[in-house]
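Report on the following structure.
The values are calculated or read from the model by the stated rules, or taken from the named source; none is laboratory data. What you see is a predicted model; the values in this text were computed from it and never measured. Note: ideal-geometry Cβ built from the backbone for every residue, glycine included; neighbour counts use all protein chains shown. Note: accessible area is taken over every heavy atom of the protein model, side chains too, but ligands, DNA and RNA are not part of it. Shrake-Rupley method; radii C 1.70, N 1.55, O 1.52, S 1.80 Å.
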Amino acid sequence: MAELPAPTEPAAFWEARYRDTDRVWSGRPNALLVREVTGLRPGTALDLGCGEGADAVWLASEGWRVTGVDISPTALERAARHAADAGVGDRTAWERHELGHTFPEGTFDLVNAQFLQSPVGLDQEAVLRCAAEAVAERGTLLIVMHAGWPSWQTEPPFAHVFPTRESVLAELALPEASWTVETSETVRRASVSPDGEEGFREDNVWRLRRR
């Protein structure tokens, strides 16, 4: 694999990450997305940091009309192919944005932000505030983030401050009169190291409803 660009160049970093391997992610939707969205009435959805499109394709298969956003053209090309292969190409659209600098226009019934955590420049707080602003009336904002490194990760690969459930809600500063916190939970799941060591990782999940 070619050496990744310097961390000061997010667009080049992520494009190299996708370009230099055939597949980065599993192709399956995130489990907490499935858990939190199942049962919601389908409408329009915005998938931030969509990667190779697994979440967007699952949403489209459930009846949502989805706009997927990513910084990498290669990731977006793969996402579009995945949607076409799954027979939901007509229910998906793809836009390239460097979140924190540009953001999709319009409002959506669901805004999905799964693991917007990066080793390169990303104004996470600003992006999540934009995500909240993009939620339509009576719509849903779903955020999922890692709460820490895996239990077997004794030497973190890069410096990172993991947000807490309380800190994210405080940074969003959503007015209680306009929003309801429907889920705020830390979930532990099994995690296996590249060497086969069994352990766990914890993720935080927030589901918020605009009134």
Open item on the list: Tally up the residues in the range 92-112 that are outside any loop (DSSP other than H, G, I, E, B) and open to solvent by 50 Å² or more (accessible area, probe 1.4 Å), please.
Closed with: 4
TODO: Output yes when any residue across the range 113-122 is open to solvent by 50 Å² or more (accessible area, probe 1.4 Å) and either under 27 Å from ARG41 (Cα atoms) or charged (D, E, K, R) (or both), and no when none is.
DONE: yes
Open item on the list: List pairs: first residue in the range 125-148 and under 12 Å from ALA113 (Cα atoms) and hydroxyl-bearing (Ser, Thr, Tyr), second residue at pLDDT 95 or above and outside any strand (DSSP E or B) anywhere in the structure, Cβ distance under 8 angstrom, at least six positions apart or on different chains.
Closed with: THR140/VAL37; THR140/LEU40
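Please indicate, with yes or no, whether at least one residue in the range 149-159 is among the β-branched types (Val, Ile, Thr) and exposed (fewer than 15 other Cβ atoms within 10 Å of the Cβ). So that I can check it myself, show each step before the final result.
Taking the range 149-159 and keeping what is among the β-branched types (Val, Ile, Thr), we get 154.
From the residues that got through so far, the ones that are exposed (fewer than 15 other Cβ atoms within 10 Å of the Cβ) too are 154.
So far as the range 149-159 goes, yes, one or more of its residues are among the β-branched types (Val, Ile, Thr) and exposed (fewer than 15 other Cβ atoms within 10 Å of the Cβ).
Within the range 12-21, does at least one residue satisfy the condition of being of a type in the set (Asp, Glu) and at pLDDT below 95? I'd like the intermediate steps shown before the answer.
Narrowing the range 12-21 to residues of a type in the set (Asp, Glu): 15, 20.
Subsequent filtering for residues that are at pLDDT below 95 retains 15, 20.
Yes, that holds for at least one residue.
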Open item on the list: Just to be sure I understand the filter: pairs with C-beta atoms under 6 Å, separated by 6 or more residues or on different chains, first member in the range 1-26 and open to solvent by 40 Å² or more (accessible area, probe 1.4 Å), second member modelled with pLDDT under 85 and among the hydrophobic types (A, V, I, L, M, F, W, C). Which pairs pass?
Closed with: PRO7/VAL120; ASP20/MET1; ASP20/ALA2
Task: the range 202-211 - residue that is surrounded by 13 or more Cβ atoms within 10 Å (Cβ to Cβ) and in contact (Cβ under 8 Å) with a residue 60 or more places away in the chain and, of those, farthest from ALA132 (Cα to Cα) - done: ASP203
- [ ] Scan the range 172-201 and report the pairs whose first residue is over 28 Å from TRP152 (Cα atoms) and whose second residue is open to solvent by 90 Å² or more (accessible area, probe 1.4 Å) and not aliphatic (A, V, I, L, M), with Cβ atoms within less than 9 Å and a gap of 6+ or a chain change.
- [x] LEU172/ARG129; ALA173/ARG129; ALA177/ARG211; SER178/ARG211; TRP179/ARG211; THR180/ARG211
Open item on the list: I'd like the full set of residues that are of a type in the set (Phe, Trp, Tyr) and under 15 Å from PHE115 (Cα atoms), limited to the range 5-59.
Closed with: TRP14, TRP25
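With the structure loaded, tell me whether VAL161 is among the β-branched types (Val, Ile, Thr) and assigned to a loop (DSSP other than H, G, I, E, B) or whether it fails that test. It would help to see each step written out before you state the result.
Details: among the β-branched types (Val, Ile, Thr): yes; assigned to a loop (DSSP other than H, G, I, E, B): yes.
Taking the combined requirement at face value, the residue satisfies it.
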TODO: Would you be able to say whether some residue in the range 109-116 is at pLDDT below 95 and over 12 Å from the mean Cα position of the chain (by Cα)?
DONE: no
Task: GLY89 open to solvent by less than 50 Å² (accessible area, probe 1.4 Å), touching an Asp or Glu at 6+ places or on another chain (Cβ under 8 Å) and modelled with pLDDT of 95 or more - done: no
